[in-house]
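Asks: Right, I'll just put the structure down here and ask away after.
No value in this document is a laboratory result; all are computed from the given coordinates. Given the structure is predicted, the values throughout are model-derived calculations rather than measurements. Here the Cβ positions follow ideal geometry from the backbone for every residue, glycine too, while neighbour counts run over all protein chains shown.
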Amino acid sequence: MNFSLPSHHKPLGPDRLGFLEIFKKSCKRTILEMLRTSQSGHPGGSLSSLDLLATLYVFRLSQTKEKLIVSNGHISPGVYSVLAEIGVVKKDDVIKGFRQMGSIFEGHITRHIPSIPYGTGPLGIGVSVASGMALAEKKKKSGQRVFALLGDGEAQEGQVYEMALFAAKYQLNNFTVFVDHNRVQLTDSLKNIMPIDIAAVFKATQWNVLEIDGHDPEAIWVALGKSEKEKNRPTVIIGQTIMGYGIKDLEEDGKKFKSTWHGKAPNPDQIDDMLKSLSLTKDEQKILDTFRRDTKFRPSKPEFIKNLTKLKIKTGTPIVYDADITTDCRSAYGKALFDLAKHNPNIVAGTADLGGSVMTKFVKADLPEQFIEFGICEQNMVSASGGLSLSSYIPFCSTFGAFMTSRAKDQARVNDINRTNVKMVSTHCGLSVGEDGPTHQAIDDMGSMIGLFNTHVIEPADPNHCDRIIRYASSHYGNFYVRMGRHKIPVLTKEDGSVFFDKKYKYEYGKTDVLRSGKKVTIVATGACVIEALKAREESGVDAEIIIASSIKQFDDTLAKSLKKTQKVITVEDHNYQSGLGAAVALFATQKGVQLKKFETLAVKEYQLSGKASELYHAAGIDRKAIVKVLKKM
């Protein structure tokens, strides 16, 4: 039987279609056997999308090694069954391990499995990731296409619209999205939950739109061929399907647009009855065995690079801002990023309509090919950056802290799970943003990101510190969240007046630095509050030791020694007191067994109004005057 790769301009033909029927029948058996093991999962969508998955994997991906991102990750039974039938994974392992403790075959598709480039679950994210991968392949001129599978209910997510705008803008003609349009979502039909004209959405965003019978492999193959002829548009192929297709009892409810089998597994007795109609003959089994033997599609195991692994990046020469300079960290970020981009073509700068504010404008002006404008689409920006980072690029994506860590928190979280390499740099954080008011004053952003296991959170204390941090983040693997304020601050100096973070300074993640030595009390400060602490020390005359903390997530022995020495601590931060530096230092002291006699946290304790940064710092009690008052009590 013929299961060779056909031309995209020719039909599959009877032999290949006949083979697909055998292939899909075996996949349906595997899906049911998986669900019997787990007694949970999503059979409906797995079956409605099986024709697409089988056609694409058998006649395309197994030959070309191109990427498919399954955005509706809950249809894992369908995906795993196809991979098992091809021979990428062992069928017995899939059946016995599905949704079981200790197994890689999780309830939603996972990057732990070969040929799954990105694990998905929360809807809307996967297609954005795929668009980032498609942009990467286009930039590399690799000739590789990127495919994505989207559920029709999933298209209700706003992120899908953001992705559609982005893919159209960058003319991703190497990008094809399939929509499993079975008209049923988790609790009811699309009509009853949220009607959506998917074709109209994609037409409005200037995509090439093809509508087909999603259960006709020949139609799927023809549509694939048409998508390859597009010269400047991405393509969406909307397949009209039936939930539970191919298994009578499930299909009947699907035809009535009932959601019975969206997220419910048949019981074991029902499954046994269903399997009777899906028996394979010896000849059919022999054909499948021959296919697995001859296809030789054995993608490599996924690579998970250890966090903070040193990368082969040319970090350039650090910029040293002189002691008499007053500037903002965001400008230092923009200049460091531009220098890095000049030396490294794989470093790209992305922003969400804020290039002039977050200072990615320098890259845009002189290196436009390394600049990506995402528009006011922060969720797509962070997810697409995840896709870029898994395609050999190092993306820096920037927006205001209030948007990065609130609107795009879920996207950052799923990137974190997938161990991507995205550098999220947020400006205008804290009360430093000033007159824009509380909606833009990100005072909970560090707390939002601290719980992500594979994301490193950092805040620079001055422009020189910022320059070194950005170069470090570029050259070390992992996700980073770097926050900084808006207002200009002085360059920090040593007691002799020379630059503190000078050309000899080397940044390491979690490093704390002693700005001034002292014996009476330790002031631990971060960001723009460091200069406030220094001024307070000078004004009060108190012999305070000032420790610069760059991260609230990791500290070192320098801080531990200071805490043990003084046993009195003041923490100062432009952040919410409940989830920032103060809480982190208190935990660190406890873990190190340091018994503190006094502990004071100066942080933002309520929303503020509009005002200049200095006025807001005073109102919140995190400025020089507030620190002096506490110092005199210690």
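Asks: Distances longer than 31 Å among the Cα atoms of the stretch 23-295: what percent of all pairs is that?
Replies: For the stretch 23-295, the fraction of Cα-Cα distances above 31 Å is 21 percent.
Asks: Under 10 Å from the Cβ of Gly375, count the other residues' Cβ atoms, weight Lys and Arg +1, Asp and Glu -1, and hand me the total.
Replies: Surrounding charge for Gly375 is -3.
Asks: Taking Cβ-Cβ under 4.7 Å as the only way to count a partner, pick out the unpartnered cysteines of the chain.
Replies: Cys27, Cys377, Cys397, Cys429, Cys529
Asks: Pop out the ³J(HN,Hα) list for the stretch 399-412 in order, Karplus 6.51 cos²θ - 1.76 cosθ + 1.60 with θ = phi - 60°, rounded to Hz; leave Gly and Pro as x.
Replies: These are the phi-based 3J(HN,Hα) values: 7, 6, x, 4, 8, 4, 9, 10, 5, 10, 5, 5, 5, 5 Hz.
Asks: Let me ask another. Using 0.36 nm per residue, how much length does the chain from Asp213 to Met101 gain when fully extended, once their Cα-Cα distance is taken away?
Replies: Extra length available between Asp213 and Met101 comes to 36.5 nm.
Asks: On a full-extension model of 0.36 nm per residue, what is the gain between Tyr505 and Ser517, subtracting their alpha-carbon distance, rounded to one decimal in nm? Numbers along the way, then the final one.
Replies: Details: separation 12, 0.36 × 12 = 4.32 nm, distance 1.79 nm.
This chain segment gains 2.5 nm when fully extended.
Asks: On to the next question. Round to a whole angstrom and tell me the spacing of the C-alpha centers of the stretch 224-298 and the stretch 329-356.
Replies: The two parts, judged by their Cα centres, are 46 Å apart.
Asks: Here's a follow-up. Can you list the HN-Hα couplings for the stretch 232-239, worked out from phi with the Karplus curve (6.51, -1.76, 1.60; θ = phi - 60°), rounded to whole Hz and with x for Gly and Pro?
Replies: For the stretch 232-239, the Karplus-derived couplings read 8, 9, x, 10, 10, 10, 9, x Hz, x marking Gly and Pro.
Asks: Can you run phi through the Karplus equation (6.51, -1.76, 1.60; θ = phi - 60°) for the stretch 214-228 and list ³J(HN,Hα) in whole Hz, with x for Gly and Pro?
Replies: x, 10, 10, x, 5, 5, 4, 5, 5, 5, 4, x, 5, 5, 6
Asks: Here's a follow-up. Say each of Lys191 and Lys633 gets a label point 7 Å from the Cα, pointing the same way as Cα to Cβ; how far apart are those two points in nm?
Replies: The modelled label-to-label distance comes out at 6.7 nm.
Asks: Please list 261-271, 29-39, 230-240 highest first by mean number of surrounding beta-carbon atoms within 10 Å per residue.
Replies: Final packing ranking: 29-39, 230-240, 261-271.
Asks: Percent relative contact order of the chain, based on C-alpha pairs within less than 8 angstrom and at least six residues apart?
Replies: 11 percent
Asks: Could you work out the relative contact order of the stretch 326-490? I mean the mean sequence separation of Cα pairs under 8 Å and 6+ apart, divided by the number of residues, in percent.
Replies: In percent, rounded to a whole number, it is 28.
Asks: Which net charge results when you count Lys and Arg as +1 and Asp and Glu as -1 among the other residues whose beta-carbon is under 12 Å from that of Lys612?
Replies: Cβ neighbours under 12 Å give a net charge of -2.
Asks: Hey, if you put +1 on the Cβ of every Lys and Arg and -1 on every Asp and Glu Cβ in the chain, which of Gln270, Ile570, Ala219 ends up farthest toward the positive end of that dipole?
Replies: My answer, from the dipole projection, is Ile570.
Asks: Quick check: the distance between the Cα centres of the stretch 127-196 and the stretch 455-504, to the nearest angstrom?
Replies: 38 Å
Asks: By the scheme Lys and Arg +1, Asp and Glu -1, what is the net charge of all other residues having a beta-carbon under 9 Å from that of Asp328?
Replies: For residues surrounding Asp328, the net value is +3.
Asks: Taking a ≥ b ≥ c as the square roots of the eigenvalues of the Cα gyration tensor of the stretch 326-490, is the shape rounded (a/c under 1.5), prolate (a/b larger than b/c) or oblate?
Replies: rounded
Asks: Please give me, ordered by residue number, the GluC sites (Glu not before Pro) of the stretch 539-633 that lie in loop per DSSP and have at most 11 other Cβ atoms within 10 Å.
Replies: Glu606
Asks: Taking the simple approach of a point 7 Å from Cα along Cα-to-Cβ for both Gln63 and Asp556, what is their distance in nm?
Replies: Label-label distance for Gln63 and Asp556, simple model: 5.5 nm.
Asks: Identify all lysines with a Cα-Cα distance to Lys564 below 16 Å; exclude those on the same chain that are fewer than 8 residues away in sequence.
Replies: List returned: Lys519, Lys520, Lys592, Lys597, Lys598.
Asks: Still on this model: Under 5 Å between amide H atoms, partner at least 5 residues away or on a different chain: which partners does Ser426 have, H built in plane at 1.01 Å?
Replies: Amide H neighbours of Ser426, under 5 Å, 5+ apart: Val482, Arg483, Met484.
Asks: In addition: Over the alpha carbons of the stretch 3-139, what is the largest minus smallest coordinate on each principal axis, giving the biggest first in Å?
Replies: 44, 38, 23
Asks: When you count, for each residue, the other Cβ atoms within 10 Å and take the mean per peptide, how do 10-17, 554-561 rank with the highest first?
Replies: Those peptides, ordered most packed to least, come out 554-561, 10-17.
Asks: With +1 on the Cβ of every Lys and Arg and -1 on the Cβ of every Asp and Glu, and nothing else charged, how large is the dipole of the chain about its Cα centre, in debye rounded to the nearest 20?
Replies: My answer is approximately 1720 debye.
Asks: While we're looking at this one, here's another question. Taking amide hydrogens as modeled 1.01 Å from N in the peptide plane, which residues meet the under 5 Å criterion relative to Ile570, leaving out close sequence neighbours?
Replies: Thr522, Ile523, Val524, Glu600
Asks: Same structure, new question: Using a 7 Å offset from the Cα along the Cα-to-Cβ direction at both Leu311 and Glu21, what is the distance between the two label points in nm, to one decimal?
Replies: Output for this residue pair reads 5.0 nm.
Asks: Taking the number of other C-beta atoms within 10 Å as the exposure measure, put Glu495, Glu85 in order starting with the fewest. All intermediate terms of the calculation are to be shown ahead of the outcome.
Replies: Details: Glu495 9, Glu85 25.
The fewest-first ordering by Cβ neighbours comes to Glu495, Glu85.
Asks: Could you pull out every residue, at least 5 positions away or on a different chain, whose amide H is within less than 5 Å of the one on Lys67? Hs are placed 1.01 Å off N in the peptide plane, and Pro or chain starts have none.
Replies: Here the answer is Phe147, since their amide H atoms fall under 5 Å of that of Lys67.
Asks: Compute the separation of the alpha-carbon centres of the stretch 6-81 and the stretch 549-603 and state it in Å as a whole number.
Replies: Between the Cα centre of the stretch 6-81 and that of the stretch 549-603, the gap is 54 Å.
Asks: Moving to a separate point now. Take each of the peptides 134-146, 283-295, average the number of other beta-carbon atoms within 10 Å over its residues, and list them starting from the highest. Kindly include the intermediate steps, with their values, before the conclusion.
Replies: Working: 134-146: 19.0, 283-295: 14.3.
Listed from highest to lowest mean packing, they are 134-146, 283-295.
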